[in-house]
Every structure is written in C-alpha cells, then in structure tokens.
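Report on one structure; see the data block that follows.
The values are calculated or read from the model by the stated rules, or taken from the named source; none is laboratory data. Computed from a predicted model, the values in this text were never measured in an experiment. All Cβ positions, even for glycine, are placed from backbone atoms using ideal geometry, and neighbour counts span all protein chains on display. Quick note on the areas: whole protein, heavy atoms, side chains included, nothing else; ligands and nucleic acids left out. Shrake-Rupley method; radii C 1.70, N 1.55, O 1.52, S 1.80 Å.
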Amino acid sequence: MRSGVSTHPLLDIESVDPALGYAPGGLASLFASLGASLGVDLPDLPVRELPPAHGVVSVLLDGLGWTTLERYAGHAPFLRSLLQDPQVSTPAVCGFPSTTAVSLATHATGVPPAVHGHVGYAVRDPRTSTVFNHLSWKDGPDPLAWQTQPTLFGRLADAGVRVVRVGQKKFATSALTRAAQRGGTYLPADGLGAWTAAGLDLARRSSRSEPTAAYLYWPVLDQIGHAQGPGSVDWTGALEEVDAALRELVEGLPPGVHFSLTADHGMLGIDPAGALRTDDPQHAHLVEGVAAVAGDPRCRFLYLPRADESPEGRQGEPDRAQQAELVDAWREAAGDGALVVTRAEAVASGWFGPGTTAENLSRIGDVLVVARDDRFLAFVPGPDSTGQMSLKGWHGGLHREELLVPDVLLPAR
C-alpha cells in the first residue's frame with residue numbers, strides 16, 4: 001500500500017509533463033503492476049511493487065479525469081471517499097496525446113506510443129498516405145500489422161492467468177480492440193448491472209491455483225461528455241450510476257483480489273464557437289503546402305510533402321525552410337493557446353516516450369499544434385471532421401485537466 005500525504009506534487013504544478021505517463025506510477029505502469037502482483041514476470045516494464053494477490057479487477061472509466069472527478073465528487077460519494085484517502089488514491093499522468101486510442105494502447109501494452117505506434121487520434125499511414133482514425137479505423141491498415149507489440153492481456157494469459165475483458169458488445173471485435181487489447185477472452189456486458197456482475201463473478205472465481213485478471217471498460221461518461229459536456233445533467237447522472245455500481249463491486253470483492261481504477265484521459269468543456277478554423281480566409285494559409293492534416297482539434301498533426309513518400313522517406317526530415325515557415329505561421333495564429341513544435345522537438349521532449357521506432361516516427365506529423373490552455377481548438381475541415389464542431393467536451397492536449405487521471409488502488413484484503 002502507498003504511504004500518502006495530504007497533497008500530491010502533480011496537483012501543485014500547472015504544466016504537467018506527459019512523459020510521466022510512461023514512468024512507474026504513470027498510466028503505462030498501472031495494469032502491468034497488477035499483472036506482476038499475480039506472479040507474472042514483466043521485467044521490461046515500469047512496474048511498481050504491489051502486495052501479491054490471486055485476482056485483480058481493473059476498471060477503466062473513459063474520460064473521467066482526476067480534476068473532473070474532484071469537481072463533481074458530490075455526485076460520486078463512493079469515489080469521493082476514495083479520492084480523500086491518499087493511501088489508496090493519487091493522480092497519474094495518461095501520456096500523450098491525451099486521447100482514448102493512444103491511452104488504451106499504453107495501458108494495455110505497458111509501453112509508450114513511441115513503441116506501440118498509436119501516436120494520435122488520427123494519423124497518416126506512411127505506407128498508403130491515407131489518414132485514418134484509430135476509433136472507427138475506416139480505411140485503416142491490418143490492426144495486427146499496425147500494432148505488433150504484445151499486450152499485457154496476452155502476456156498474462158500465456159503465463160496461466162485467466163484474463164477476461166468486460167465491455168460493450170460493439171467493442172468485442174473492433175479494430176482498436178484487436179490492435180491494442182487482444183488477449184484472453186472478451187465478455188460482452190452492455191448494461192451497467194451486467195458489467196458489475198461480471199466483474200464480481202470473475203473476482204469470486206479467482207484462486208491461487210487459477211489467478212484471474214478482469215479488465216472492465218466503461219465508455220459512457222466520455223460519450224456523454226463529448227456530446228453534452230462534462231458536468232451536464234446527463235453526465236452527472238451517469239457518474240452517479242457508475243459510482244453506485246463501483247461501490248457494489250468493491251464491497252462484494254472477496255479476499256485476495258486487488259481493485260484498481262483509472263481513466264484514459266480527462267476532459268474539458270469548450271465552446272467550439274471560438275475555434276481557430278482553417279476554412280476562415282484569414283487562416284487558410286495555415287494549411288497551404290501541407291500534404292495531410294491529422295490528429296484532432298486539440299492536437300493537430302501536419303504532414304509536409306517529401307520527394308520520397310515511402311515510409312523510409314518519411315522517416316527523414318522534411319524541407320527545413322518549409323517546416324520553419326509552417327511553425328512560425330501556426331505560432332502566430334495560435335498565440336499562447338497552443339505549443340507549436342516540430343516532430344523532432346516533440347520526440348526529444350519525451351512526449352511519445354522513449355524508444356521511438358523508425359516506423360512509428362514516420363506516423364507522426366512533421367509539425368504538431370498542441371493545445372495547452374483550456375480553450376484552444378484547431379478545426380481543419382476534412383472527411384474525419386463531420387460533426388466535430390457540435391461537440392462540447394474535448395481532450396487531446398497538454399492541459400492538466402486532460403493529462404491527470406485517477407490512480408485508485410485498493411489492495412487485496
């Protein structure tokens with residue numbers, strides 16, 4: 001069990017380093033540490049030492065950032081009681097970019113985006129020059145070829161642990177699931193009651209002779225937050241429901257089972273009316289000469305053309321003068337709202353973690369425009385932008401509300 005203090009250093013700083021997401025105590029270490037507590041050897045991952053157990057229940061609530069949960073803790077009395085105990089609850093950093101497809105892969109593999117290759121919400125496939133997003137995967141590559149790292153679910157299953165992933169039926173065979181969360185078995189549970197019951201049943205069936213790892217994913221808070229905003233009436237109602245379900249789950253856990261709760265990112269309520277839009281004539285120059293635009297409105301990837309557009313060609317640097325001109329233009333337009341950096345600067349800063357492979361480097365935009373305040377959005381019309389400007393909840397950037405997620409651990413009794 002952690003020895004806690006009344007405050008955590010991450011809560012006292014305005015600018016959070018996303019690279020902390022890949023260190024012990026960051027998102028990359030959370031499920032890996034649970035797996036190690038079951039006796040599985042994971043020497044290559046940043047695990048922290050936990051008491052041994054024969055079962056784990058790992059809950060990931062999509063979109064429930066630390067500061068958002070603190071702000072609306074009055075709607076979640078059970079979670080509030082956990083947050084108030086620094087012995088069992090601290091903030092953690094999710095990594096970069098602060099978006100679902102990236103963080104789910106980081107959590108499920110234990111390695112950073114530099115290695116697993118999910119480097120953004122939407123990216124340009126260097127083999128086809130097609131932009132696709134990791135959620136719908138429309139026009140995307142073979143998921144198994146795109147993400148080749150072993151998942152923790154698979155590693156635990158290979159080591160003799162019963163691994164069951166519990167979530168909505170529609171995610172069971174999705175491309176993102178096959179790419180980043182394969183391994184073990186998938187148990188569909190569309191309703192919150194069935195979801196909770198499945199977690200309890202798996203925990204109660206665990207034993208020293210048959211250790212069990214149950215992973216429970218719940219997307220509803222993120223879905224409502226995007227559509228109506230975090231803190232909306234429907235969002236707080238959904239938080240109340242999941243809080244009651246988690247209380248039931250935790251109170252029903254048998255001895256010998258760890259309970260863990262985290263999230264993939266936080267969320268900001270932002271009015272898109274103030275977005276920087278490249279379909280506005282005064283900003284049209286921001287995409288002139290750009291071969292492709294990807295990412296999302298809080299984390300834009302801008303790809304410059306190459307004489308050699310092969311994956312190997314895109315591993316090299318673009319025309320330096322063109323890159324510098326694009327950086328300067330976006331910095332002037334974005335002001336203090338965003339950091340505008342080159343690919344080399346983002347990689348050197350550790351945003352994607354250590355060990356960037358040549359293949360994954362070629363997936364990252366040559367210029368990154370990353371929101372750092374709580375208002376900035378960069379809207380670039382395209383096939384992946386339909387409906388974006390109707391959203392009310394956002395994430396993907398470097399704001400602390402996006403980067404900080406709960407790290408709740410109730411050690412086995």
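Helices of the chain meeting both criteria, an alpha-carbon length of 15 angstrom or more along the long axis and an average Kyte-Doolittle score not below -1.0, with helices taken as full DSSP H segments, are 27-37, 192-205, 233-251, 320-334.
Could you run the Debye sum over the Cα atoms of the chain, one equal point scatterer each and no solvent, and tell me log10 of I(q)/I(0) at q = 0.06, 0.14 Å⁻¹, two decimals? Log-scaled intensity ratios, in q order: -0.23, -1.23.
For region 54-59, the Karplus equation 6.51 cos²θ - 1.76 cosθ + 1.60, evaluated at θ = phi - 60°, returns couplings of 10, x, 9, 10, 10, 9 Hz by residue, with Gly and Pro reported as x. Could you tally the net charge around T151, taking each other residue with its Cβ under 12 Å from the Cβ of T151, Lys/Arg +1 and Asp/Glu -1? Net of charged neighbours comes to +3. Measuring nothing but protein heavy atoms, the accessible surface of the chain at 1.4 Å probe radius is 52 percent carbon and sulfur.
Whenever you get a sec, line up K170, K392 from highest to lowest accessible area (probe 1.4 Å, protein heavy atoms).
Values: K170 130, K392 110 Å².
The ordering from most to least exposed comes out as K170, K392.
Among DSSP beta bridges whose residues both lie in the chain, state the antiparallel percentage, nearest 5. Mind dumping the intermediate values first?
Details: 27 of 51 bridges.
Restricted to the chain, the bridges split so that about 55 percent are antiparallel.
The residue list A358, H116, P126 was ranked by how far each Cα lies along the charge dipole of the chain toward its positive end, using unit charges on Cβ atoms, and H116 comes out on top.
Ranking of T386, T196, T173 by solvent-accessible surface, largest first: T386, T173, T196 (1.4 Å probe, protein heavy atoms only, all chains present).
Taking all protein chains into account, the per residue accessible area for region 251-294 stands at 37 Å² (1.4 Å probe). Structural descriptor for the chain: relative contact order 26 percent, calculated from alpha carbon pairs under 8 angstrom and at least 6 residues apart. Placing +1 on the Cβ of every Lys and Arg and -1 on the Cβ of every Asp and Glu, with nothing else charged, gives the chain a dipole about its Cα centre of roughly 1160 debye.
Between region 160-221 and region 251-266, the C-alpha centres lie 13 angstrom from each other.
Within a Cβ distance under 14 Å of A36, other residues only, what is the Lys/Arg minus Asp/Glu net charge? Please report the intermediate quantities before stating the final value.
Numbers: positive: R48, R155; negative: D41, D44, E49.
Residues close to A36 contribute a combined charge of -1.
Distance distribution note for region 195-341: the fraction of Cα pairs above 26 angstrom is 55%.
Using every pair of separate Cα atoms, the Kirkwood estimate puts the hydrodynamic radius of region 52-106 at 13.0 angstrom.
Radius of gyration over Kirkwood radius for region 276-393, both on Cα atoms: the Rg/Rh ratio is 0.95.
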